[in-house]
Amino acid sequence: MEEQFTYEGLYRLLEERRDQRPEGSYTTYLFEKGLDKILKKVGEECTEVIIAAKAQDHRETVYEIADLAYHVMVLMVQAGVSLEEVREELAGRHIIDHKVKQEKMVSDQA
């Protein structure tokens, strides 16, 4: 039975690739080339997401977003950024956004 995908599982796999460097792995290749190569790939994938979205090609946009997410997670592992740190940052932004909306509604009613 195939294990269900999770971001946490992918993150652990990327950490393993960074630590064990199995031969023939694309992820190993990225870690061996280092930060500059990882950043270059993140930039390339960003551009490909923009092109696919601009073309309104849903399937290609999904494909490119998945590539971008993978490369961003490689960058996260390389930089020591955890999923929990990103989750907390996003949660904090949600709270701020909610407060700003409430404040705007109150000031608009005044």
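Charged side chains reduced to their Cβ positions (Lys and Arg at +1, Asp and Glu at -1) give the chain a dipole of some 300 debye around its Cα centre. A simple rule links phi to the HN-Hα coupling: the Karplus curve 6.51 cos²θ - 1.76 cosθ + 1.60 with θ = phi - 60°, which for segment 55-68 gives 6, 6, 9, 4, 4, 5, 5, 4, 4, 6, 5, 4, 4, 4 Hz, with x for Gly and Pro. Relative contact order of the chain, taken over Cα pairs closer than 8 Å and 6 or more residues apart, is 25 percent.
Centre-to-centre, using Cα atoms only, segment 62-78 and segment 1-54 are separated by 6 Å.
Axis of helix 35-54 versus longest Cα principal axis of the chain: the two differ by about 60°, to the nearest ten degrees.
For Rg and Dmax of the Cα atoms in Å, the value calculated from this model appears in (i) 12.8, 37; (ii) 18.3, 65; (iii) 13.9, 42 under label (ii).
Any read-out appearing in this document is the output of simple, stated calculations on the displayed coordinates, not a laboratory observation. Note that the structure is a prediction, hence the values are computed from the model and not measured. Ideal geometry is used to build each Cβ from the backbone, glycine not excepted, and the neighbour counts take in all protein chains shown.
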